[in-house]
Structures are given as C-alpha cells and as structure tokens.
Amino acid sequence: MSIPMDFSQWVSDDGSHIHRRIFTDPALYELEKQHIFAKTWVYMGHESQIEKSGDFITSYIAETPVIVSRAGDQSIHVSINSCSHRGVPVCRADQGNTRRFVCPYHNWTFNNKGDLVSIPQERKVCNKPDKSQLGLKKVPRVESYKGLIFACMDEQVESLTDYLGDMTWYLDCLFDRFEGGVEILGSPHKWLINCNWKLPVENHLGDVGHGPYLHGSLLQGTPAVTELEQFGHNVVPKPGHGLSVRLMPDGTPAEQCMLGMDGLAGMDPEVNAYLQESHKKVSARLGEVRSRLKPLCYSVYPNLSFLWPNMTLRTSHPRGPGQTEFWSWFVIEKDAPAHIKEKLRMNYTMMFGPGGLLEGEDSEAWSEQYKGSNIDFTDDRTFYYGLGQGEAGPHPEMPGSVGSCFDEHYAREFYLQWRQRLEQGVNHHA
Amino acid sequence: MPEINLELISRVEQFYFREARILDNRQFNQWLTLLTEDIRYTIPSRHVPQPDLQKKETEAFLSVEQELSQGLETPYRDEDFLILSIRAMRAFKSNSWTDSPPARTRRFVSNIEVLASEQPGCFEVFSNLMVSYSRHQQDNFFYTAQRKDLIKPEEESFKIAKREVILDWNVITAPSLSIFF
C-alpha cells in the first residue's frame, strides 16, 4: 500500500487515536527501520558483558546483526556482522573473547575494531586491494551511559546524554545506585513473539493499567496493586521515553522503599537483610527523593526497556511488522554476594524471561493484539489512547511530565515521537 | 546398590508415560504428587559460545555443557516445590489468561536410560521429550528437550527429586517456556 504524506491518520495530533495499521503495515515497517532505527541511539549491551579487551557480544540494530567488541585499547566498537567480500557473517557466537573475526567462506580476517587485517588470496593476485577501505561497516557513533552501551547509525546524532535527557535521573536509580555498579549475568534470553515490536516497548513505558487484570491470577488483590494506585505516577521525562514509578511519602519506613525488588525472594531473611543494608546507602548516592522512589518499568525510545522489581533489562528487536525477537537479561549489583545473586534471580526467572509467568501473559497479550490489529474492515476504528488526556504536568519532586499511574500520556508521546520521526524522514527524502 | 534390570527399566518407563499422560490431561495437582518436596527443577539457558581453540581436536570442543548457563549465569528457570505449586495452582484460575482456554499438549517421551546414582537408592534417568503445544485456533509449536532426572523409589512407584531440562534452541521459537517439561 502506498503511504500518504498525511501522518495524522496514523497518529492523531493529540496522540489519543492510533491507527491499527501502524502495527501491521509492511511499508510503514520499512520506514521505521530507515527513519527510526537508523537515526536514533539503539541499546547494544552492558559494559559488564565486555569487560576485557577482546570480549565481544552480538546484537542487532533492528534486523541488522552487529558485533559489539572491546579492542586492545579498551575502546568499544560496533560493526555490522557481514564480511566485506561476500556478506557472510564473520561472528557466529553470542558472546566470547577473540582477537580476530574470521569469515568462514574465504578466510578474510578482521580485528576487534572491525578493520580488515588479512585476505589470504591477496598474495596470489597482482592488484593489491586497499584493505583500509574494506573493513566491516562500522556503526559510526558509540557512547555509554553508566555502563549502558548505545550505538547510532547516524553520525550527526545528538550526544547520548542529550538524547536521554531527564531519563538519566531515573536511570541512575539502578545504574548509579551501587558503588560498584551493576552487572549482567549470562547470555541474553531470546525468544520470538508474534507481535509488533512497539507493543512490548509501550507496555514497559508505563502500562500499569493491565497489571491487576491480565496478571490477575498472580497480582489481583496484592498490596503491590494498592500501593501503585496510591503512590504511582507515569512519567514522560522526554517525549518518547517513559516510565512508571511509586514515590513513597516522606517518612515511609525504609523496608517499604527498597526498590520494590523484594518479591518472593525477599521473604528469605538473608535477601531481606541485604536489601535493607543496600538501601541505607541510596540517599547518600542519589539524594533523599530518590531514596523514596520505587521504579516499576521504563522504556527508552525506541526499543530498550527495564522492569525494576524483577531486575530485568530487555530489548524488542523487530523481525518484520508481525514478529519480535525479544531479548532479556537479569541485572544485579556487581558487588552483591554470590548467594544473594542466586537467590534474587528467582524474582526474574519465575516471573520474567521466556519461562516467566507474568512474561507469558504479556507475550500472549501482545501477540493477541497483533491478531486484532491485522484484520480488515476496521480502518475506521482507531485504538483509543486517550486515558488521562491533559492531566499530566510538572511535579515538585521529579523531573519530566508527571501523570497518574493510569495516564496514557507515555504512549501518546511515544507514538507522536514515532509519527514525527517518520514524517520528518519521509518529507526530507521527498 | 539396587540392580538395574529389565523389570526396573520397565517400571521407570511406565512412570514416565504416566507422568506425560497426567500433564497432557492437565492434572497438574496430581503431577505435584510425583515430585519430592525438595525437588530442584532447572532449565539452563542455552547460547552459542565462541569455540575454545584450546579444546580443538577433542570431544570437549563440542561439549553441550559449554553452551548451557553455569553457576551464576541466569537460567531460563530454577525452581523449587513452592514455585512449581504456584504454577500448578495458577493454571486453574479463571483469570489465568495463558491457560484459559488451555493449551492442547501432547508429550512424547523416549530414549529412557536408567543409570545408577551416587544418591543411595536413587536412579539417574535420561529421557528425550517432544511436546506438541497448540493454543487458540492454530498457534502450534513443538518443543524438543533432553531431561536429566534424579528419581527416588517410593512405595510402588517413584518420585522426581531433581530435573534438568536441556532445550534444543538458541532463540526460542515458541511463545513461552512456562509449561511443565
């Protein structure tokens, strides 16, 4: 189908009406790759995954496979995983340590900066190819924020910290919470969901309204739900990014402010003692307000998300309009004792990741949403995103635009951002 | 050390076939009675590691173990009796949306191999598992896995004291690993 230049039919001017086809249309999907994934900062991985020189992980920018590697001088490089000779992937592992990436087809060999170091056939021919022009294609911009590595295909993109804006104030709640930082333990958990990539992101931007219902079998009637309704806020720190937090009132006992990570694992006295102890240091590092802040879920535009209570970081890699390769990791304080790490990860594996109970319910809802979006005769029935319209505003203690916990402004701003990116991209190219 | 003879092997096989039938019939509470209360149920995550050249030319070069999460690396699942019970009981709630309507599952258990165990009176059992999983109209998926169990003779039958499920995927091409393998 041809794409009309009027993008207001996809996302209404106030963001309250979203066309079903933005989740299903192949032509819009191609524009997303071109004007969103190739233009914005995309999360690659965490520095704890590539601490030593030679360490690498593989990742994606949309559907494009990349190698994220640490070179001998400690610099981080992101290169497209495709040989300059015939396009074969030169790295076939999820992670590891190596000085050389060797193409299996003709043995062209690249170093961990992506530079071409040898062509075996070169000795047998007269014309010597200019190897300096034949490295892996590099992703030109790579920057980190508190251990989170991002890359951008657009050399002209603003700095990562400008891009994140006030999101950093909230990211620090985990990524600057502990003196020794946090770490990722193990390879990503990866699974396919038959949904559009935007829906998992939208869900983590602040969709807490589904909690007691979709997850009713586990959450209905729990104190967590009451607490959220009482103290919860949906925040848009910068249009596109979004999050949901609970800001506990002044004077709330420390054990009710412990990042909300306690969960089932927190019933273990050792884990509980660890959480209480580590919480004592928070106000010195992050200030009094953030010692009362219990983050719930975050998304960073376009496709990075977090769930705080279950300590998981996740990315939504598109695989066409109707499929998502979802990646998820468990994150923990680096200096936490080993037995605490092992016990706390239960809050993740039981509820999230491919075997998680809550995750299974989310995945189901997202793929059912795709079914409902991908039907005929409903083009006149846009999805309603108007809950809480006009209610959000500044807050005395937290940066960004702050609304109630059921205010869908996080999604309106996300899709308006989406529309603006495509609109600008298409008109720029027209 | 109890003798591993054909009669024992046959009893173990019957135990596994019964377990599969109970799970396919969605009798999850009955399934819980096949577990010891100190069961450890794990599904390690699986990835593609960089080949370790120091091990080349040996069988260790291709070992499955190096592809599985070890130690503190995050597994897909790591559960005790309490968590398995929560999963089982949850399935019967009307608002348990991933189980209502329920999946149509069919488990095929094969390659049952009974070995002596270091744990007195217990047996180590390897088995292969294939699960056909079908939900809604045509959301159909297949799982394949190896299971490494520790089983304990109890009265006329056995109980599962330990289960490790080795799945055969890197990217999981099914919507969830939330079922009982």
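GNM on chain A, C-alpha springs below 10 Å: top fluctuator among A:C195, A:C103, A:C152? It is A:C103. PRE reach from B:F141 (point 7 Å along Cα→Cβ): which of the stretch B:151-177 fall under 14 Å by backbone N? Residues B:167-177 qualify, since their backbone N sits under 14 Å from the label point. Take the Cα of B:R106, step 7 Å toward its Cβ, do the same at B:E13, and the gap between the two points is 2.0 nm.
For the stretch A:217-372, what is the charge dipole size about the Cα centre, in debye to the nearest 20, if Lys and Arg each add +1 at the Cβ and Asp and Glu each add -1 at the Cβ? Before the final figure, lay out the partial values.
Details: 15 positive and 18 negative charges, 112 e Å.
Dipole magnitude for the stretch A:217-372 comes out near 540 debye.
Considering only A:L293, A:H46, A:F377, the residue lying farthest towards the positive end of the dipole of chain A is A:H46, judged by Cα position with unit charges set on Cβ.
Rule-of-thumb check for the stretch B:6-167: C-alpha Rg over 2.2 N^0.38 Å?
Rg over 2.2 N^0.38 Å, computed on Cα atoms: 1.15.
Can you classify the stretch A:197-341 as rounded, prolate or oblate using the Cα gyration tensor, where a ≥ b ≥ c are the square roots of its eigenvalues, rounded means a/c under 1.5, and otherwise it's prolate if a/b beats b/c and oblate if not?
Working: a/c = 1.62, a/b = 1.46, b/c = 1.11.
Verdict is prolate for the stretch A:197-341.
Computed from label points 7 Å out along Cα-Cβ, the spacing between A:D73 and A:N272 is 5.3 nm.
Tell me, which longest segment in chain B has none of the trypsin sites (Lys or Arg not before Pro) that fall in DSSP loops with at most 15 further Cβ atoms within 10 Å? Each step should come with its number before you reach the end.
Details: sites that count: B:K56, B:K93.
In chain B, the maximal stretch lacking such sites is B:94-181.
When chain A is modelled as a GNM with alpha-carbon springs shorter than 10 Å, which of A:S299, A:S118, A:S82 fluctuates the most? Most flexible of the set in this elastic network: A:S118.
Placing dummy labels 7 Å off each Cα toward the beta-carbon, the span from A:Y105 to A:H339 is 5.4 nm. Solvent-free Debye calculation, one equal scatterer per alpha-carbon of the protein assembly as shown: log10 I(q)/I(0) at 0.07, 0.10 Å⁻¹ equals -0.47, -0.96. A cysteine counts as unpartnered when no other cysteine's C-beta lies under 4.7 Å of its own; in chain A this applies to A:C91, A:C126, A:C152, A:C173, A:C195, A:C257, A:C297, A:C405. In loop segments of the stretch A:162-253 as defined by DSSP, the GluC sites (Glu not before Pro) with at most 12 further C-beta atoms inside 10 Å of their C-beta are A:E179. Applying the criteria of a DSSP loop state and at most 12 other Cβ atoms within 10 Å to the GluC sites (Glu not before Pro) of the stretch B:128-181 yields B:E155, B:E156.
Enumerate lysine pairs in the stretch B:6-167 that are 8 or more residues apart or on different chains, then count those whose Cα atoms are under 27 Å apart. The number of close lysine pairs in the stretch B:6-167 is 6. Given R0 = 30 Å, the distance between the Cβ atoms of A:T161 and A:R285 translates into a calculated FRET efficiency of 0.95. In terms of its C-alpha gyration tensor, the stretch A:176-247 has a rounded overall shape, because the principal axis ratio a/c (a ≥ b ≥ c, square roots of the eigenvalues) stays below 1.5.
Hey, got a sec? Which chymotrypsin sites (Phe, Trp or Tyr not before Pro) in the stretch A:152-238 land in a DSSP loop and have at most 13 other Cβ atoms within 10 Å? Filter output for the stretch A:152-238: empty list. Each part gets one Cα centre, and for the stretch B:1-55 versus the stretch A:120-174 those centres are 46 Å apart.
For chain A, a Gaussian network of Cα nodes joined below 10 Å ranks A:R92, A:R246, A:R412 by mean-square fluctuation, and the top entry is A:R92. The stretch A:359-381 and the stretch A:234-302 have their alpha-carbon centroids 32 Å apart.
Any read-out appearing in this document is the output of simple, stated calculations on the displayed coordinates, not a laboratory observation. Being a predicted model, the structure only gives us computed values, none of them experimental. All Cβ positions, glycine included, derive from the backbone under ideal geometry; neighbour counts span all protein chains shown.
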